[in-house]
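What follows is one structure encoded as C-alpha coordinates, with my remarks underneath.
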Amino acid sequence: MQGQAQQQAYDRGITIFSPDGRLYQVEYAREAVKRGTASIGIRTEGGVVLAVDKRISSPLLEESSVEKIHKADDHIGIANAGHVADARQLIDFARRQAQVNHLRYGEPIGVESLTKEITDHIQQYTQVGGARPFGVALIVGGIENGEPRLFETDPSGTPYEWKALAVGAERGELQGYLEENYDEEADLDGGIALALDALASVNEGSMLPREVGLATIDVETERFEQFDDDRIEEYLVENDLLDEGDDEDETDDE
(Lines give C-alpha, C1' and ligand atoms only; values in the text may rest on other atoms or scores of the structure.)
Protein backbone atom coordinates (compact mmCIF):
# COMPACT_ATOMS: atom_id res chain seq x y z
CA MET A 1 0.00 0.00 0.00
CA GLN A 2 2.86 2.35 0.79
CA GLY A 3 4.35 1.80 -2.67
CA GLN A 4 0.99 2.52 -4.29
CA ALA A 5 0.62 5.73 -2.29
CA GLN A 6 4.08 6.87 -3.40
CA GLN A 7 3.18 6.11 -7.01
CA GLN A 8 0.05 8.22 -6.70
CA ALA A 9 2.13 11.07 -5.25
CA TYR A 10 4.45 11.05 -8.26
CA ASP A 11 1.40 10.78 -10.50
CA ARG A 12 -0.42 13.77 -9.07
CA GLY A 13 2.39 16.17 -8.30
CA ILE A 14 3.74 18.16 -11.21
CA THR A 15 6.71 19.32 -9.10
CA ILE A 16 7.72 15.81 -7.97
CA PHE A 17 10.08 13.62 -9.96
CA SER A 18 9.56 9.88 -9.82
CA PRO A 19 12.58 7.77 -8.75
CA ASP A 20 13.43 7.15 -12.41
CA GLY A 21 13.42 10.90 -13.20
CA ARG A 22 10.02 11.21 -14.87
CA LEU A 23 7.33 13.87 -14.54
CA TYR A 24 4.15 11.92 -15.08
CA GLN A 25 1.94 14.96 -15.67
CA VAL A 26 4.15 16.04 -18.58
CA GLU A 27 3.84 12.56 -20.07
CA TYR A 28 0.06 12.73 -19.68
CA ALA A 29 0.13 16.10 -21.48
CA ARG A 30 1.89 14.37 -24.38
CA GLU A 31 -0.92 11.82 -24.43
CA ALA A 32 -3.39 14.71 -24.78
CA VAL A 33 -1.45 15.83 -27.86
CA LYS A 34 -1.77 12.36 -29.37
CA ARG A 35 -5.55 12.58 -29.03
CA GLY A 36 -5.69 15.74 -31.12
CA THR A 37 -6.15 15.70 -34.88
CA ALA A 38 -2.96 15.78 -36.91
CA SER A 39 -0.98 18.86 -37.92
CA ILE A 40 1.95 18.92 -40.35
CA GLY A 41 4.73 21.41 -40.99
CA ILE A 42 7.11 21.28 -43.96
CA ARG A 43 10.10 23.52 -44.68
CA THR A 44 10.93 24.03 -48.35
CA GLU A 45 13.28 26.29 -50.30
CA GLY A 46 10.29 28.49 -51.16
CA GLY A 47 8.89 28.79 -47.65
CA VAL A 48 6.97 26.93 -44.96
CA VAL A 49 3.79 24.88 -45.36
CA LEU A 50 1.33 24.23 -42.51
CA ALA A 51 -1.43 21.67 -43.05
CA VAL A 52 -3.96 20.30 -40.58
CA ASP A 53 -6.65 17.66 -40.37
CA LYS A 54 -9.93 19.43 -39.49
CA ARG A 55 -12.48 16.81 -38.52
CA ILE A 56 -16.01 18.19 -38.46
CA SER A 57 -17.95 16.18 -35.89
CA SER A 58 -21.43 17.35 -36.96
CA PRO A 59 -23.06 18.90 -40.05
CA LEU A 60 -24.52 21.50 -37.66
CA LEU A 61 -21.08 22.71 -36.56
CA GLU A 62 -19.98 26.00 -38.10
CA GLU A 63 -16.84 24.95 -39.99
CA SER A 64 -15.09 28.30 -39.59
CA SER A 65 -15.11 27.83 -35.80
CA VAL A 66 -12.67 24.89 -36.05
CA GLU A 67 -9.34 26.69 -35.95
CA LYS A 68 -6.06 24.81 -36.01
CA ILE A 69 -3.88 27.24 -37.97
CA HIS A 70 -3.20 30.71 -36.60
CA LYS A 71 -1.34 33.83 -37.65
CA ALA A 72 1.11 34.90 -34.94
CA ASP A 73 2.72 37.72 -36.95
CA ASP A 74 2.85 38.73 -40.60
CA HIS A 75 5.74 36.31 -41.19
CA ILE A 76 4.89 33.55 -38.69
CA GLY A 77 2.14 30.93 -38.60
CA ILE A 78 1.34 28.34 -35.94
CA ALA A 79 -0.49 25.01 -36.18
CA ASN A 80 -1.55 23.03 -33.12
CA ALA A 81 -2.54 19.56 -31.98
CA GLY A 82 -3.97 18.63 -28.60
CA HIS A 83 -6.10 20.53 -26.12
CA VAL A 84 -7.70 23.38 -28.08
CA ALA A 85 -8.20 25.70 -25.11
CA ASP A 86 -4.53 25.38 -24.16
CA ALA A 87 -3.55 26.13 -27.75
CA ARG A 88 -5.60 29.34 -27.72
CA GLN A 89 -3.78 30.56 -24.61
CA LEU A 90 -0.36 29.88 -26.13
CA ILE A 91 -1.33 31.49 -29.45
CA ASP A 92 -2.45 34.64 -27.62
CA PHE A 93 0.82 34.62 -25.67
CA ALA A 94 2.81 34.29 -28.92
CA ARG A 95 0.94 37.19 -30.51
CA ARG A 96 1.62 39.41 -27.49
CA GLN A 97 5.32 38.57 -27.59
CA ALA A 98 5.46 39.38 -31.30
CA GLN A 99 3.85 42.77 -30.69
CA VAL A 100 6.13 43.51 -27.72
CA ASN A 101 9.13 42.89 -29.97
CA HIS A 102 7.74 45.29 -32.60
CA LEU A 103 7.18 48.01 -30.00
CA ARG A 104 10.45 47.49 -28.14
CA TYR A 105 12.86 46.96 -31.02
CA GLY A 106 10.96 48.22 -34.06
CA GLU A 107 11.45 44.98 -35.98
CA PRO A 108 9.69 41.62 -36.46
CA ILE A 109 10.49 38.91 -33.93
CA GLY A 110 12.63 35.99 -35.09
CA VAL A 111 10.96 32.60 -35.48
CA GLU A 112 13.49 30.93 -33.16
CA SER A 113 13.20 33.71 -30.59
CA LEU A 114 9.40 33.48 -30.54
CA THR A 115 9.53 29.70 -30.23
CA LYS A 116 11.86 29.94 -27.24
CA GLU A 117 9.62 32.57 -25.63
CA ILE A 118 6.72 30.12 -25.95
CA THR A 119 8.68 27.13 -24.65
CA ASP A 120 10.02 29.17 -21.70
CA HIS A 121 6.41 29.96 -20.83
CA ILE A 122 5.41 26.30 -21.22
CA GLN A 123 8.31 25.13 -19.05
CA GLN A 124 7.18 27.27 -16.12
CA TYR A 125 4.04 25.16 -15.91
CA THR A 126 6.11 22.00 -15.39
CA GLN A 127 7.61 23.19 -12.09
CA VAL A 128 4.93 25.30 -10.40
CA GLY A 129 2.58 23.77 -7.86
CA GLY A 130 -1.14 24.25 -8.37
CA ALA A 131 -0.87 24.30 -12.17
CA ARG A 132 -0.72 21.69 -14.90
CA PRO A 133 1.29 21.46 -18.12
CA PHE A 134 -0.16 22.63 -21.42
CA GLY A 135 -1.66 19.62 -23.19
CA VAL A 136 -0.80 20.86 -26.66
CA ALA A 137 2.06 20.80 -29.17
CA LEU A 138 2.63 23.70 -31.57
CA ILE A 139 4.29 23.84 -34.97
CA VAL A 140 5.82 27.30 -35.41
CA GLY A 141 6.87 28.18 -38.95
CA GLY A 142 8.02 31.39 -40.57
CA ILE A 143 10.72 33.33 -42.35
CA GLU A 144 13.77 34.66 -40.50
CA ASN A 145 16.50 36.65 -42.27
CA GLY A 146 15.19 35.42 -45.61
CA GLU A 147 15.33 31.75 -44.57
CA PRO A 148 12.42 29.42 -43.74
CA ARG A 149 12.43 28.07 -40.17
CA LEU A 150 10.25 25.36 -38.63
CA PHE A 151 10.00 24.49 -34.93
CA GLU A 152 8.01 22.22 -32.62
CA THR A 153 7.12 22.98 -29.00
CA ASP A 154 6.76 20.05 -26.61
CA PRO A 155 4.61 20.02 -23.41
CA SER A 156 7.86 19.77 -21.44
CA GLY A 157 8.91 23.19 -22.74
CA THR A 158 11.56 21.91 -25.16
CA PRO A 159 11.89 23.42 -28.66
CA TYR A 160 12.97 21.31 -31.64
CA GLU A 161 13.83 22.50 -35.14
CA TRP A 162 12.67 20.33 -38.06
CA LYS A 163 12.74 20.09 -41.83
CA ALA A 164 9.33 18.38 -41.73
CA LEU A 165 7.23 17.05 -38.87
CA ALA A 166 3.82 15.88 -37.79
CA VAL A 167 2.16 16.18 -34.39
CA GLY A 168 -1.10 14.79 -33.04
CA ALA A 169 -2.96 11.62 -33.95
CA GLU A 170 -1.14 9.04 -36.09
CA ARG A 171 2.14 10.91 -35.76
CA GLY A 172 4.17 7.73 -36.32
CA GLU A 173 2.56 6.98 -39.69
CA LEU A 174 2.69 10.60 -40.84
CA GLN A 175 6.29 11.08 -39.76
CA GLY A 176 7.29 7.90 -41.55
CA TYR A 177 5.60 9.13 -44.73
CA LEU A 178 7.40 12.48 -44.50
CA GLU A 179 10.76 10.81 -43.92
CA GLU A 180 10.32 8.65 -47.00
CA ASN A 181 9.11 11.40 -49.33
CA TYR A 182 10.67 14.65 -48.13
CA ASP A 183 12.72 16.51 -50.73
CA GLU A 184 14.96 19.33 -49.47
CA GLU A 185 14.95 20.95 -52.92
CA ALA A 186 11.15 21.05 -53.27
CA ASP A 187 9.41 24.36 -53.89
CA LEU A 188 6.38 25.65 -52.02
CA ASP A 189 3.90 23.79 -54.26
CA GLY A 190 5.92 20.62 -53.74
CA GLY A 191 5.67 21.09 -49.99
CA ILE A 192 1.90 21.58 -50.23
CA ALA A 193 1.58 18.41 -52.30
CA LEU A 194 3.64 16.43 -49.77
CA ALA A 195 1.59 17.71 -46.83
CA LEU A 196 -1.71 16.83 -48.52
CA ASP A 197 -0.41 13.43 -49.62
CA ALA A 198 0.66 12.69 -46.04
CA LEU A 199 -2.74 13.64 -44.61
CA ALA A 200 -4.51 11.62 -47.30
CA SER A 201 -2.37 8.58 -46.48
CA VAL A 202 -4.13 8.30 -43.10
CA ASN A 203 -7.55 9.36 -44.46
CA GLU A 204 -8.31 6.57 -46.94
CA GLY A 205 -6.43 8.32 -49.74
CA SER A 206 -8.79 11.27 -50.24
CA MET A 207 -10.23 14.28 -48.42
CA LEU A 208 -12.80 17.04 -48.67
CA PRO A 209 -11.72 20.71 -48.66
CA ARG A 210 -13.63 21.36 -45.44
CA GLU A 211 -11.61 18.63 -43.71
CA VAL A 212 -8.26 20.30 -44.39
CA GLY A 213 -6.59 23.50 -43.23
CA LEU A 214 -3.69 24.89 -45.25
CA ALA A 215 -1.41 27.91 -44.95
CA THR A 216 1.98 29.02 -46.25
CA ILE A 217 4.65 31.56 -45.40
CA ASP A 218 6.45 32.46 -48.65
CA VAL A 219 10.16 33.32 -48.66
CA GLU A 220 9.70 36.05 -51.29
CA THR A 221 6.81 37.90 -49.66
CA GLU A 222 7.55 36.83 -46.06
CA ARG A 223 3.79 36.83 -45.56
CA PHE A 224 1.51 34.34 -43.85
CA GLU A 225 -1.35 33.25 -46.14
CA GLN A 226 -4.21 30.95 -45.17
CA PHE A 227 -6.12 29.21 -47.98
CA ASP A 228 -9.89 29.09 -48.34
CA ASP A 229 -11.85 25.96 -49.32
CA ASP A 230 -11.88 26.81 -53.03
CA ARG A 231 -8.12 27.03 -53.21
CA ILE A 232 -7.67 23.89 -51.12
CA GLU A 233 -10.01 22.08 -53.51
CA GLU A 234 -7.81 23.14 -56.43
CA TYR A 235 -4.77 21.54 -54.78
CA LEU A 236 -6.72 18.39 -53.91
CA VAL A 237 -7.91 18.06 -57.51
CA GLU A 238 -4.40 18.74 -58.84
CA ASN A 239 -2.97 15.95 -56.67
CA ASP A 240 -5.89 13.51 -57.23
CA LEU A 241 -6.83 13.61 -53.54
CA LEU A 242 -10.35 15.04 -53.71
CA ASP A 243 -13.01 12.85 -52.14
CA GLU A 244 -15.78 12.78 -54.74
CA GLY A 245 -18.22 10.81 -52.56
CA ASP A 246 -21.35 12.21 -50.97
CA ASP A 247 -19.98 14.38 -48.17
CA GLU A 248 -23.41 14.58 -46.53
CA ASP A 249 -22.96 10.99 -45.40
CA GLU A 250 -19.52 11.63 -43.94
CA THR A 251 -19.13 12.81 -40.36
CA ASP A 252 -15.76 12.28 -38.73
CA ASP A 253 -15.16 11.79 -35.03
CA GLU A 254 -13.63 14.70 -33.15
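The values are calculated or read from the model by the stated rules, or taken from the named source; none is laboratory data. Just so you know, these numbers come straight off a predicted model, no measurement behind them. Backbone-built Cβ (ideal geometry, glycine too); neighbour counts: all protein chains shown. Just so you know, the surface numbers come from the protein's heavy atoms only, side chains and all, with ligands and any DNA or RNA stripped out. Shrake-Rupley method; radii C 1.70, N 1.55, O 1.52, S 1.80 Å.
Please tell me if Gly110 is within 22 Å of Gln175 (Cα to Cα) and either among the acidic types (Asp, Glu) or touching a strand residue (DSSP E or B) at 6+ places or on another chain (Cβ under 7 Å) (or both). The answer is no for Gly110. When segment 113-130 is limited to residues that are open to solvent by less than 60 Å² (accessible area, probe 1.4 Å) and not β-branched (Val, Ile, Thr), the one that is modelled with the lowest pLDDT turns out to be Gly129. For the criterion of being among the charged types (D, E, K, R) and either buried (at least 24 other Cβ atoms within 10 Å of the Cβ) or within 15 Å of the chain's Cα centre (by Cα) (or both), Glu161 passes. Restricting Asp53, Asp20 to residues that are charged (D, E, K, R) and either touching a residue at least 60 places away in the same chain (Cβ under 8 Å) or touching a Lys or Arg at 6+ places or on another chain (Cβ under 7 Å) (or both) narrows the list to Asp53. If only residues of segment 145-180 that are among the charged types (D, E, K, R) and in contact (Cβ under 8 Å) with a residue 60 or more places away in the chain are counted, the one that is nearest to Ala215 (Cα to Cα) is Arg149. Of the candidates Val33, Val26, the single residue that is in a helix (DSSP H, G or I), of a type in the set (Val, Ile, Thr), modelled with pLDDT of 90 or more and surrounded by 24 or more Cβ atoms within 10 Å (Cβ to Cβ) is Val33.
Could you tell me which residue of segment 199-229 is farthest from Ser64 (Cα to Cα), considering only residues that are part of a helix (DSSP H, G or I) and open to solvent by 30 Å² or more (accessible area, probe 1.4 Å)? Looking at the filtered set, the residue picked out is Ser201. Residues of segment 62-100 that are of a type in the set (A, V, I, L, M, F, W, C) and open to solvent by 60 Å² or more (accessible area, probe 1.4 Å): Val84 alone. What single numbered condition from (1) outside any loop (DSSP other than H, G, I, E, B); (2) open to solvent by 10 Å² or more (accessible area, probe 1.4 Å) fails to hold for Ile16? Tallying (1) outside any loop (DSSP other than H, G, I, E, B); (2) open to solvent by 10 Å² or more (accessible area, probe 1.4 Å), Ile16 fails exactly one: (1). Scanning segment 36-61 for residues being of a type in the set (Ser, Thr, Tyr), more than 10 Å from the chain's Cα centre (by Cα) and open to solvent by 10 Å² or more (accessible area, probe 1.4 Å) gives a total of 2. So, of the residues in segment 78-88 that are out of contact with any Ser or Thr (no Cβ under 8 Å at 6 or more places or on another chain) and not charged (D, E, K, R), which turns out to be farthest from Gly135 (Cα to Cα)? Once the filter is applied, the top-ranked residue is Ile78. The strands (runs of 3 or more DSSP E) found entirely in segment 109-193 that carry 2 or more residues being within 14 Å of Gly41 (Cα to Cα) and β-branched (Val, Ile, Thr) are 136-144.
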